[in-house]
Each structure stands twice: as structure tokens, then as C-alpha cells.
Amino acid sequence: MATRYDVSAVPPQGGYVAKQCPVRAQWDVIEPCEPLRPSAALESMFARGIGFEARVLARLLDLHQDACAVADRDQSERAEREAATVAAMTAAAPIVIAGRLPADRSARRVGEPDLLLAAAGSGYRAVDIKHHRARDAAPGRGRPALCSALDAPWLEAAAADPASVPRRHRGDLLQLAHYQRMLEAAGLAAPGGRHGGIIGIEEGVVWYDLDEPVWRTRSSGGKRTLRSTMEVYDFEFDFRLDIIAVAGRSLADPGVAPLVVPVRIGECAQCPWWSACGPRLEAGAGDVSLVPGIGWREWRVHREHGVTDRASLAALDYRTATLVASRVDLRPIIRAVGVRPDNTPVPAVLGAGKRAQARRLAAAGVTVLGDARSLCPRTASYCDQPMRDLPQQIDLARAALGDQPAYRRRGVGRVRVPRGDVEVDIDMENTQDGVYLWGALVTPRSGWAGAPAGYHSFRTWKPMTGQVESDLFAEFWRWFGELRSATAAAGLCLRAYCYNASAENSQLRRIASGLGLAEEVSAFTDSDQWVDLYRVFDRQLVTGNATGLKQVAPLAGFGWEVAHPGGDESLVRYDAAAAGDEQARDWLLAYNRNDTQATLALRDWLDHVASDCPPVESVESVESVPRGN
């Protein structure tokens, strides 16, 4: 059982702490350096969220004259707002807007849900407003979303929407669980199950059963378990209370070590404490969490096996790792080496019922005990918590520390790329509200004169609505469909490309669903006409570092002509563009065009040059791996 600490001195915490990085919770107390200011993109995102929340709340007040709006959060004392919220709930107000729940001092919780909705009979349920999508258009692909409209937002009025499935944003649901615990502590929770709602940009409530086991987690032994939002929240919140408690003691007594150490995760990019964590993680050979794909669980497993940096990971044995990854338990074999005769058959060491493992060992050239002398005991120790991608992690670490920018994956002799007679590079730009730009670069490779060569953009700067987005997509899809038809009529092969198709596919299918084009779009995205260049790259090459388009296009000598290219900058520019700034509009168009040109340049490099990259096996000897970045 995990150690628990005295948290009585920890100030009550809001719902955000359970979903944020535990290291951030620690640094918020210790303040190891001057925190970084929020980026312009993050400030823009906050402003958008605040504006969206204000619009939704105003609409709710218009729709529900009997709703109770608690005094402004910035202008009232917290105790006054708590009292006003309790008074409204005691009076059975159907909707309480911008309330503050009674502080739960014993559990160290405070919370301010955007909405509290009265349940039939008694009690309340919490609803939060989030400036992102709460549903996906995916009819028949899962349990339908349970939704209620803003004019009747209560759970009792909700109905299943067969055309959509709920999006489960982990942080959103953990926040709802926080409010649920506070309602329970105050004796104000609705009976008959724990439910909370999210109002996304669709402007309806999507309801979630907080007791439904939906989160796949792992126990300390590596066993996978499905847990509910409430279970995950309880663990995460309690864990952070412990972290904050120990951090406070560390401030008072330098001899008390903080409870957690930095780990590289996705949240780091926007964290104010990256200036504290970054240098620590990047020192020397670099923390093992810098290897792409290594998250909390993998980092913990490596740490438990004494592997804390990329050099230590690179030093593991690839061949042994392949056996570990295939679930061969090497521990009895390793223990028997030097104890039993070398000519002992491996099946005799493994024991009964291990035929499949014996076959895998034989395929790896280990048939008698003496053959196992070539295996690496340290790598074999991972058999207690086997990771399927351990061999790939080793190659990634070696590539990151090697002296070449990219290596061919094992088994890749020549890098191959699907090509077409007419090639179209597609890239879209969007905000949380929708897609405002579809860009396409047409490159004829057959000499066909019918191809509309060059870059084509389909964009709008109008305030984004569902209709505006649909009209824009219809224009783009009509143009693209005509090009596909003309190419087919000419007997030519058309291929369209993007880099990391998950974003484009999600938007294509979502918008198409509302236009009755779902089957047509799916037929295209599922066909060999649609090529995800990221997958082409990732299946054949390894760099050991991030492999986004901005990171890999320079391998082909490509550079963006706009300053600070990236999604964050584009969000800031879009705000200006939507307000009429022509320079911002020009920047966005150039940025999108450059993205399409980058995929073309990368494709040509993959087709003609990438095969000259050395194989990753060439850095197999750890002695050849430099100990720096």
C-alpha cells in the first residue's frame, strides 16, 4: 500500500490539481525558479474559453428566468459566494450559475462549477463549460452520447444521440468528479448514481456516468484494469495532496526530499515550470522520458530497473528485449545459467506448460542453457513488467544519441513511398470552433495538362459557425472531387497526402457527417488514394526525437518562410485574421502553403535520399553511442 502523509496543513485545492502534472503541483509550492509567462497562444486560448463560457451563461440566463446567478467571481468574497450558492440550492433553484460549493476542509477541497443543475426530487449535479468539442460524429461506432439541450439541460431530459459518441476528455471528467465529491460532502449530491455534464462548443450538455469503468490503467504489477472516473480521481487527488504536503515540508527543511522528480510529458510544452524541469531532463545523455512514446508508466518501469537516462536505455540488449516483449519469462533461464549444465534443454528449465515460450526461445537460437549466456541479465530483468515496445525504445534511444539525424528501422532495406501520377498535398487549419482553411498543393508528375498545378486555398474569415464551416468544406470537397474524377477519367493515379492524418481524418469525417457525405469521405480516407506521410516515415525511419512535420522536414532541406511556424502561432494569428488583419491572413495562407510544400519535399527526400540513412543496427554497440545530445 502506498504511503500516506499528513495533509492537514495543505491548503484546500481546486479540481484542476487532480488533472495537472504532479511535478507542477510540487513546483507550485516550492517555486524552484522564476515561472515562465503563459505563451501568447495559451493566453489566446484562455481568452477564447472565457468568452465562450460567458456566451453560454448569457444564453442560459435568457432561457431560464428562474436560474440563480451567484455574484461575480472576481468581485465577491469566497465565503459570501459559498453562502449564496448554498442558499440557492436550499431554495431548490433549478439552475445555479457560477456558484461556489461549500469548502470541504477535511478532504482539502474547494470548487466552483460553472453550473449546478437540480435533479428530480433532490440534490444537484455539476456541469462545466469547455471550449472544445464534447462529441464526435461516429454513428454506430460506440455507445451514443447522452445529451440534453440548453433549454432543458437536466439529466432527466437527456436522450441518446445516435449520430454521435461522447468525447472523454480525461481532465474534464476528473474535474466533474471533484465537484461530485464536494456535493457528496455537503449532502447536496443527486441520489441514484454519479453523473456530471460538459457543455462543449456544440452548446448542449453531454452527460457522463462517473462510475462507469472507462479508463485503462495499470497496477504496480503491470496488470491492465478498467477504472471509473471517480476511482481515478480519488487516486490522483490524494496523490497530489501528498506531494503538496511533502513539498511544504521540503521548503521548511531542505533535508526533506520532494516526492516526485521531473518527467517529460505532453503538458510540459505549456508549463510555467519547464525552465526548472527542462535543464534537469536534458542534462547529460538526457532523461529516459525524452524518448518518444515513453510516458509515466514506462518511465516508472525503467526507473525501477535502474534505467534513468537514454544512454542506459541504449545499453540494453535488443535481442533479449525482443524475447521480453514477446512475454518470454527469462528469469528462470538466467538464474539457471552457471548452475545447471550448459547442455540442459531450455524446456526442462522453463517447466511444463511453457511450450510457446520454448518455441520463441528456439526461434531466437536459445535451445540449450548454454545459448542463454549471450542474453543480457539486466534486460531480462524487465520480465517482471514486460513492455511490448521495449525493443523499439532501445532503438529510439540509440538513434537519439547517434551521430546521424535519422536511421533506417531494422529490416528496412530501401525506403518506399507510394507515388501518384497526380499528387495532392492537403493540410487544414482550425481552431476549437472549426476548420477555417483547407489548403491543397497539386503536383502533376505525368505531364498531364489537366491538373490544376500549384497551391489552392479554401478559407473563410467569417465568424465560425456550423454553417460557415460546412459551406467551406463543401466548396473544397467539390473541387477535390472534380479533380479526382478528371484524373480517373484520364486513366491516371491520384494520390493525396498529409502528415499525421488523424487530425485531418477527424475533421473530414465530422464535417462530412453533417453534410450527408460520411460514406463518400470514409471511402476516400480508407482508400490507398489517401496516404499518411507520417506513417510512411515512422514505419521506416527512426530519429529518437520528435517526428512532427516541423522536426523532420528539415531532413529534406525544407524551411518555412514564415516566422515561428507552428500551431500555437497560427492560433494567435487567426484571432487577428478574423478581426480583419490582412498581414495575419497572409501569414496563415503562407504557413498553410508551406506545410503542403513541406510534405512534398519530405516525400521526395524519402523516395530518393532516405535509403542512404544508416541502419539503426549500426549503433547497436553501446560503446559507439555518444554520451551527449
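The values are calculated or read from the model by the stated rules, or taken from the named source; none is laboratory data. Computed from a predicted model, the values in this text were never measured in an experiment. With ideal geometry, Cβ positions are generated from the backbone for all residues, glycine too; neighbour counts draw on all protein chains shown.
Among the residues in region 190-206, are any in contact with a His (Cβ under 6 Å, 6 or more places away or on another chain), more than 19 Å from residue 112 (Cβ to Cβ), assigned to a strand (DSSP E or B) and not assigned by TED's automatic domain parsing to the domain that holds residue 465?
no
I'm trying to understand the selection: among the residues of region 368-387, which are part of a loop (DSSP other than H, G, I, E, B) and at pLDDT 95 or above?
The answer is 375, 376.
When you scan region 15-36, do you find a residue that is basic (Lys, Arg) and in the same structural domain as residue 130 (by TED's automatic domain parsing), even just one?
Among the residues of region 15-36, not one is basic (Lys, Arg) and in the same structural domain as residue 130 (by TED's automatic domain parsing), which makes the answer no.
Mind listing whichever residues of region 504-520 are closer than 13 Å to residue 434 by Cβ and surrounded by fewer than 19 Cβ atoms within 10 Å (Cβ to Cβ)?
If the condition is that a residue be closer than 13 Å to residue 434 by Cβ and surrounded by fewer than 19 Cβ atoms within 10 Å (Cβ to Cβ), then 506, 507, 514 are the ones that fit.
Would you mention how many residues in region 148-179 are within 25 Å of the chain's Cα centre (by Cα) and within 27 Å of residue 16 (Cα to Cα)?
Summing the residues that are within 25 Å of the chain's Cα centre (by Cα) and within 27 Å of residue 16 (Cα to Cα) in region 148-179 gives 15.
Given the residues 74, 104, which is the only one that is over 25 Å from the mean Cα position of the chain (by Cα) and either at pLDDT 95 or above or closer than 29 Å to residue 157 by Cβ (or both)?
Sole residue among the options that is over 25 Å from the mean Cα position of the chain (by Cα) and either at pLDDT 95 or above or closer than 29 Å to residue 157 by Cβ (or both): 104.
Do we find a residue being surrounded by fewer than 20 Cβ atoms within 10 Å (Cβ to Cβ), under 30 Å from residue 325 (Cβ atoms) and free of Cβ contacts under 8 Å to residues at least 40 places away in the same chain anywhere in region 451-464?
Looking for residues that are surrounded by fewer than 20 Cβ atoms within 10 Å (Cβ to Cβ), under 30 Å from residue 325 (Cβ atoms) and free of Cβ contacts under 8 Å to residues at least 40 places away in the same chain, one finds none in region 451-464, hence no.
Condition check ((1) in the same structural domain as residue 485 (by TED's automatic domain parsing); (2) touching a residue at least 24 places away in the same chain (Cβ under 8 Å); (3) surrounded by 15 or more Cβ atoms within 10 Å (Cβ to Cβ); (4) not basic (Lys, Arg)) across all residues:
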position: 335; (1), (2), (3), (4): no, no, no, no
position: 338; (1), (2), (3), (4): no, no, no, yes
position: 341; (1), (2), (3), (4): no, yes, no, yes
position: 349; (1), (2), (3), (4): no, no, yes, yes
position: 369; (1), (2), (3), (4): no, yes, yes, yes
position: 383; (1), (2), (3), (4): no, yes, yes, yes
position: 416; (1), (2), (3), (4): no, yes, no, no
position: 429; (1), (2), (3), (4): yes, yes, yes, yes
position: 436; (1), (2), (3), (4): yes, yes, yes, yes
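Name the residue, out of 93, 126, that is touching a Cys at 6+ places or on another chain (Cβ under 9 Å) and modelled with pLDDT of 95 or more.
That would be 93, the only listed residue that is touching a Cys at 6+ places or on another chain (Cβ under 9 Å) and modelled with pLDDT of 95 or more.
Tell me, please, whether a residue that is over 27 Å from residue 287 (Cα atoms), without any contact (Cβ under 8 Å) to a residue 12 or more places away in the chain and among the hydrophobic types (A, V, I, L, M, F, W, C) can be found in region 244-263.
Yes; the residues of region 244-263 include at least one that is over 27 Å from residue 287 (Cα atoms), without any contact (Cβ under 8 Å) to a residue 12 or more places away in the chain and among the hydrophobic types (A, V, I, L, M, F, W, C).
For a quick check of your reading of the model, give me the residue pairs whose first member lies in region 561-588 and is touching a residue at least 60 places away in the same chain (Cβ under 8 Å), whose second is among the polar types (S, T, N, Q) and surrounded by fewer than 17 Cβ atoms within 10 Å (Cβ to Cβ), with beta-carbon atoms closer than 7 Å and at least 6 apart or on different chains.
568/39
With respect to residue 448, is the statement that it is at pLDDT 95 or above, over 21 Å from residue 531 (Cα atoms) and not in a helix (DSSP H, G or I) true?
For residue 448, the condition - at pLDDT 95 or above, over 21 Å from residue 531 (Cα atoms) and not in a helix (DSSP H, G or I) - is not met.
Of all residues in region 59-118, count the ones that are loosely packed, with under 13 Cβ neighbours inside 10 Å, of a type outside the set (Asp, Glu) and part of a loop (DSSP other than H, G, I, E, B).
So the count comes out to 7.
For region 355-364, give me each residue that is surrounded by fewer than 17 Cβ atoms within 10 Å (Cβ to Cβ) and either of a type in the set (D, E, K, R) or touching a Pro at 6+ places or on another chain (Cβ under 8 Å) (or both).
The answer is 355, 359, 360.
So, in region 84-101, how many residues would count as being over 34 Å from the mean Cα position of the chain (by Cα), without any contact (Cβ under 8 Å) to a residue 60 or more places away in the chain and within 21 Å of residue 13 (Cβ to Cβ)?
Result for region 84-101: 1.
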